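This report refers to the structure that appears directly beneath it.
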Amino acid sequence: FFAEVVEFQKIVGSLIELVDQLAKAAESEKMKAIGARNLLKSIAKQREAQEQQLQALIAEKKMQLERYRIEYETLCKIEADQNEFIDQFIFQK
């Protein structure tokens, strides 16, 4: 009977050791998963910040394009006025 109890204690001891190893492995995997989740969150925040920067740049470029369009139209009008003046000046002579 004593030998059976000793054998049972060995089996229980090895079982407890195995369960402890599995618990440590599970905790390690849990920490890896938390790290990966945090990394994904930070990447998502970086992408969001980058998207906002790009949206601001697009808005700035659109405003610049509008200024250039207005300047171009103004210059075309000035050119037309000058050409008309030159034509009138030539016809007057």
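The values are calculated or read from the model by the stated rules, or taken from the named source; none is laboratory data. Source: prediction; values computed, not measured. Cβ placement follows ideal geometry from the backbone for every residue including glycine, while neighbour counts extend to all protein chains displayed. These area figures cover heavy atoms from the full protein model, side chains too; ligands, DNA and RNA do not enter into them. Shrake-Rupley method; radii C 1.70, N 1.55, O 1.52, S 1.80 Å.
Given a 1.4 angstrom probe, I'd like the percentage of the accessible area of the chain that is carbon and sulfur, rounded to a whole number. Let's see the in-between values first.
Working: 5670 of 9030 Å².
Carbon with sulfur: 63 percent of the solvent-accessible area.
Please report, for the Cα atoms of the range 43-93, the Rg to one decimal and the Dmax as a whole number; what are they, in angstrom?
Using the Cα atoms of the range 43-93, the pair Rg, Dmax is 21.9, 74 Å.
So what's the convex hull volume per residue for the Cα atoms of the chain, in Å³? Can you show the working numbers first?
Numbers: hull volume 5.6 nm³, N = 93.
Convex hull of Cα atoms, per residue: 60 Å³.
How many nm separate the modelled label positions at Glu17 and Lys41, each set 7 Å beyond the Cα in the direction of the Cβ?
3.9
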